[in-house]
Every structure is written in C-alpha cells, then in structure tokens.
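Student: Starting off with a structure, shown below.
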Amino acid sequence: MSEPIRALRGMNDILPDEAERWEALEEILRDWLRSYGYRNVRTPVLEHTALFRRAIGEATDIVEKEMYTFADELNRESLTLRPEATASVVRAAAEHSLLYGGAQRLYYMGPMYRHERPQKGRYRQFHQVGAEALGFPGPDIDGELLLMCARLLDDLNLAGVRLQINCLGSAAERAAYRKSLVSYLESREKDLDDDSRRRLRANPLRVLDSKNPEMQALIAGAPRLLDALGEGSLKHFEGVQTILKDAGRPYEVNPRLVRGLDYYNLTVFEWVSADLGAQATVCAGGRYDGLLEQIGGKAAPACGFAMGIERLLALLGDSGERASPDVYLVNQGERAERFAFRVAETLRAAGFSVVQHCGSGTFKSQMKKADASGAAVAVIVGDEEAQAGEASVKALREEREQFRATLEGLPNAVADLLFGEGDDKGNQ
C-alpha cells in the first residue's frame with residue numbers, strides 16, 4: 001500500500017467544526033471594516049519577487065530567510081508567494097491608479113506564506129486581515145486605525161491586549177540615528193548574540209527587536225531613536241497620542257519598537273497579549289509614506305495594519321459551539337424522497353438553512369440524526385404527505401404538538417416555531 005500523502009508541515013487543514021469559527025469571525029471582521037468605510041481589495045498570492053525585495057527590504061529576515069521563492073521555468077523569472085499583503089495592495093493601487101480619484105481606505109483578508117519554524121501562533125501558511133489607508137498625510141488616520149483595532153478588541157471581548165507605539169521618524173533621521181546605534185553596538189560587539197551580529201551588518205535597528213533575554217540589558221542602554229527625531233516627526237507622534245488620550249485608550253510608548261519591515265516611517269505600533277506565548281503580537285502596523293513611490297507609483301502617504309486571524313481565534317478560545325441548520329428534513333418512501341427536494345428548496349428560498357436527509361434509514365434513525373444536527377425543527381415527509389402536497393412539522397427543542405402544513409404554508413409554519421413570527425401554520 002502506498003504511503004499516505006499528508007499536508008505540508010506548517011500548512012494546516014481547517015476542518016468543518018473549526019471552519020465555522022473562522023466564518024463567524026470573518027463575518028465580524030468584514031462588518032467591522034465596512035463600518036469604518038474600508039473597501040475590499042483582493043490581490044494575487046503570487047507576485048514578482050522583486051516587489052517584496054524592494055518593498056520589505058533586502059536585509060530583513062523575511063526576504064533573507066522566510067520567503068517561498070522559486071523560478072518560473074516558462075518565463076524564466078523569480079516568483080514569490082506573498083509573505084505579507086501591504087506590498088501587494090500598494091502595487092495594485094499604483095498599477096491601477098486607485099489614488100487618481102482621491103484617498104482610499106482598503107482592506108484585505110487571506111493567506112500569507114513564510115518559511116518559519118512552525119509553533120503555536122506561527123505557521124507557514126497563515127491568514128491575515130489588514131487595512132490600508134492610502135493618501136492620508138496626517139496623524140488623524142493613524143489614530144483612526146488604532147481606534148479601529150481597539151473597537152474590534154472590545155467587540156470581541158479580548159481583555160489583556162496592550163497597545164505599544166513608537167515613532168521611527170523620517171529616513172534621514174533614521175540614517176543619523178543608525179550611525180550612533182552602530183557605534184554603540186560595535187563597542188559591545190563581543191556581548192552580541194550571533195543573530196544580532198548578523199543584523200549589525202545588515203539592519204542594525206532590528207537588534208533592538210531581539211527577544212533574547214540575555215540581550216535586554218544591552219538593548220536598554222542603547223541610544224533612543226526618539227531622542228534623534230526632529231520637530232515634524234515629534235509633532236506627528238504627539239498628534240497620534242492626543243487622539244488616543246482624547247478617546248481614553250491606554251497605550252505604552254515603547255522606544256525599542258522598530259518592526260521588521262524596511263518600509264515603515266513615523267508611527268509604528270503593535271497590539272500584544274501575554275496569552276499567546278512567544279508569539280505575543282496580535283496586530284501590528286504603522287505608517288509607510290515612501291512605499292508607493294518606492295515600487296514605482298506616484299508618491300503618496302499611507303498607513304495600515306495587519307492582524308493574524310489564527311492568533312485572534314486563539315485568544316477567542318473554543319466556544320464549543322457549532323453552526324446548526326434551522327431545519328432537518330426527514331423523508332421516507334419513494335414518493336416522499338422525490339417530494340422532499342421541492343420541500344427543501346421551498347424552505348431555502350424563504351431563507352432557512354436546511355439539511356436534507358439523503359440515503360437510507362428508518363424514520364427513527366433519521367429523527368436521531370435530526371436531533372443530533374442541532375436543528376430546531378424537523379420537517380417530515382412520508383408518501384402520505386407527498387401525495388397531499390404537505391409536510392409534518394415538529395419542534396425539536398421544545399414541547400409542542402406536531403402538525404401538518406401545506407407546501408405554500410410551510411415557510412410561515414417553520415418561522416413561527418423558530419421566531420414566533422409566522423402568519424399561520426399552513427393548513428393543519
């Protein structure tokens with residue numbers, strides 16, 4: 001017998017019980033984003049590798065170690081499965097001149113791919129929902145995005161998720177700061193771990209993001225980027241903080257927060273939770289004013305965030321609930337089996353979810369399945385009902401007398417049992 005083929009490591013099947021939790025959360029996410037005026041954009045999962053190298057940065061962990069990149073043998077070009085979506089959304093906005101008609105509020109939802117060591121909260125195929133506000137220059141949009149995230153966390157009743165913010169300033173300010181940081185780190189190079197030594201040469205700001213406990217005292221003594229910022233950057237950062245204060249939203253200024261992508265400037269932020277173990281970040285983002293021009297579009301300011309859907313679900317926990325149909329349709333007999341399709345489609349046309357029994361089974365075994373389905377109502381069709389163009393209706397979750405209804409009156413009869421809103425119960 002052949003060896004079984006299994007899913008790739010770090011790429012997980014989402015089976016029906018779990019998928020119902022995903023669908024419920026995705027519905028909440030779409031309603032939340034639409035309530036702030038954000039519109040959906042869908043980009044390919046496969047892009048030219050050059051997009052991510054240019055946008056994210058050659059010296060980042062994502063580009064150096066984590067991207068799924070391969071050669072397209074037909075066209076002899078390098079392609080990459082998207083490791084994040086901001087670069088793709090910005091590429092689409094530039095390619096299709098979305099900002100020609102004014103600033104845009106956009107959102108996306110879907111799978112991303114990074115070749116990382118799989119662990120709780122970190123997978124090789126993972127899913128993100130994100131918002132991108134393109135064309136807005138002031139701190140007001142930064143504040144809106146932060147308050148949006150806070151609203152969602154409130155709506156999901158996720159306590160204990162903390163907001164950390166920082167300001168990275170302009171490219172020129174970071175370049176000047178980089179010199180003082182490199183000087184400090186080089187004077188203590190013997191105390192750096194291997195990862196930090198590598199970052200010192202390629203992307204020294206990322207040393208500040210080290211999670212190694214043995215590095216924290218050294219990092220705490222490093223020069224602060226906030227102390228190197230000019231008046232304009234500090235004014236923008238103060239504007240963001242004022243919005244949070246006026247809204248009564250607590251936050252922490254974390255001067256070591258730098259984020260792992262090169263395109264950020266000014267505001268950066270993370271929402272973190274102690275309930276996720278090592279992968280503490282639930283949501284992260286910031287401002288990236290130079291990215292549109294960097295990938296070949298017309299210069300425009302931009303700000304956004306991304307949330308990990310797997311991590312949101314982990315924080316929500318398992319409610320133990322599963323979606324149930326409104327109706328389970330029991331049928332027995334040759335005529336009944338044929339009529340049952342008309343009954344099921346009549347109910348679905350009226351807006352009810354219906355599971356129709358298929359296959360053999362006694363009336364008793366079908367009723368057991370109806371009860372196990374979680375449906376509130378069983379609609380029963382035998383040959384006698386089919387002959388009369390009727391169906392029997394039975395409440396499964398409360399004590400009520402079973403009755404019969406005509407096909408035309410059946411939707412009202414079911415609505416009456418489910419909601420108490422039916423006009424009648426058909427012809428009983």
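Student: What's the exposure ranking of His357, His127, going from fewest to most Cβ atoms within 10 Å? Present the calculation step by step, with values, prior to reporting the outcome.
Tutor: Numbers: His357 22, His127 19.
With the fewest neighbours first, His357, His127 line up as His127, His357.
Student: Give the order of Lys298, Lys394, Lys190 when sorted by the count of other beta carbons within 10 angstrom, beginning with the fewest.
Tutor: Working: Lys298 11, Lys394 17, Lys190 6.
Ranked by crowding around the Cβ, least crowded first: Lys190, Lys298, Lys394.
Student: Which length gain, in nm to one decimal place, applies between Asp194 and Ala388 when the Cα-Cα distance is subtracted from 0.36 nm times their residue separation?
Tutor: Details: separation 194, 0.36 × 194 = 69.84 nm, distance 8.07 nm.
Roughly 61.8 nm would be gained on extension.
Student: Now, a different point. Simple spin-label model, 7 Å along Cα-to-Cβ: Lys120 to Asn212 in nm?
Tutor: Output for this residue pair reads 2.5 nm.
Student: First measure r as the distance between the Cβ atoms of Phe419 and Phe363, then evaluate 1/(1 + (r/R0)^6) with R0 = 30 Å and state the FRET efficiency to the nearest 0.05.
Tutor: Using R0 = 30 Å, I get an efficiency of 0.65.
Student: With springs connecting C-alpha atoms under 10 Å apart, model the chain as a Gaussian network and identify which of Pro411, Pro223, Pro118 has the largest mean-square fluctuation.
Tutor: Of the options given, Pro411 has the highest mean-square fluctuation.
Student: Next question. Say each of Leu316 and Glu20 gets a label point 7 Å from the Cα, pointing the same way as Cα to Cβ; how far apart are those two points in nm?
Tutor: 1.3 nm
Student: Loop only per DSSP, at most 12 neighbouring Cβ atoms within 10 Å: give me the trypsin sites (Lys or Arg not before Pro) in the stretch 1-94, ordered by residue number. Numbers along the way, then the final one.
Tutor: On the way: sites: Arg6, Arg9, Arg21, Arg30, Arg34, Arg39, Arg42, Arg53, Arg54, Lys65, Arg76, Arg91; in loops: Arg6, Arg9, Arg42, Arg76.
For trypsin sites (Lys or Arg not before Pro) across the stretch 1-94 that sit outside H, G, I, E and B with at most 12 neighbouring Cβ atoms in 10 Å, the list reads Arg6, Arg9, Arg42, Arg76.
Student: 7 Å from Cα along Cα→Cβ at both Tyr100 and Glu64: what's the point-to-point distance in nm?
Tutor: Placing both labels 7 Å beyond Cα along the Cβ direction yields 4.1 nm.
Student: To continue, here is another question. So if R0 is 51 Å, what FRET efficiency would Ala274 and Gln402 give, r being the distance between their Cβ atoms, rounded to the nearest 0.05? The partial results should precede the final answer.
Tutor: Numbers: r = 53 Å, r/R0 = 1.04.
Efficiency, rounded to the nearest 0.05: 0.45.
Student: Can I ask one more? Can you give the Rg to Rh ratio of the stretch 12-111, both from alpha-carbon atoms, with Rh computed by the Kirkwood formula?
Tutor: Details: Rg = 16.3 Å, Rh = 15.8 Å.
That ratio is 1.04, to two decimals.
Student: Once the convex hull of the alpha carbons of the chain is built, what does its volume come to per residue, in cubic angstrom?
Tutor: Details: hull volume 96.0 nm³, N = 428.
Per-residue hull volume (Cα only) is 224 Å³.
Student: Which of rounded, prolate, oblate describes the stretch 327-419, given a ≥ b ≥ c as roots of the alpha-carbon gyration tensor eigenvalues and a/c under 1.5 marking rounded, otherwise prolate only if a/b is larger than b/c? Don't skip to the answer; put the middle values down first.
Tutor: Values: a/c = 1.43, a/b = 1.09, b/c = 1.31.
Rounded shape, in that the Cα axes give a/c under 1.5.
Student: Which residues make up the longest stretch of the chain clear of GluC sites (Glu not before Pro) that lie in a DSSP loop with no more than 14 other Cβ atoms within 10 Å, not counting the sites? Before the final figure, lay out each step's value.
Tutor: Working: sites that count: Glu58, Glu73, Glu321, Glu398, Glu399, Glu401, Glu408, Glu421.
Between exposed loop sites, the widest span is 74-320.
Student: Once the Cα atoms of helix 171-186 and of the chain are each reduced to a long axis, what angle between those two axes, in degrees from 0 to 90 to the nearest 10, is obtained?
Tutor: Helix 171-186 sits at roughly 70 degrees to that axis.
Student: Is the shape of the stretch 41-183 rounded, prolate or oblate, going by the alpha carbon gyration tensor and its root eigenvalues a ≥ b ≥ c, with a/c under 1.5 for rounded and a/b larger than b/c for prolate?
Tutor: Values: a/c = 1.29, a/b = 1.23, b/c = 1.05.
Rounded is the answer for the stretch 41-183, as its axis ratio a/c remains below 1.5.
Student: Here is a follow-up. Applying 1/(1 + (r/R0)^6) with R0 = 22 Å to the Cβ-Cβ distance of Leu158 and Asn40, what FRET efficiency is obtained, to the nearest 0.05? Don't jump to the answer; show the numbers that get you there.
Tutor: Details: r = 24 Å, r/R0 = 1.07.
Plugging the Cβ-Cβ distance into 1/(1 + (r/R0)^6) gives 0.40.
Every read-out reported here was derived from the displayed coordinates using simple, explicitly stated rules and does not represent laboratory data. Predicted model, so just to flag it, every value in this text is computed and none were measured. Backbone-built Cβ (ideal geometry, glycine too); neighbour counts: all protein chains shown.
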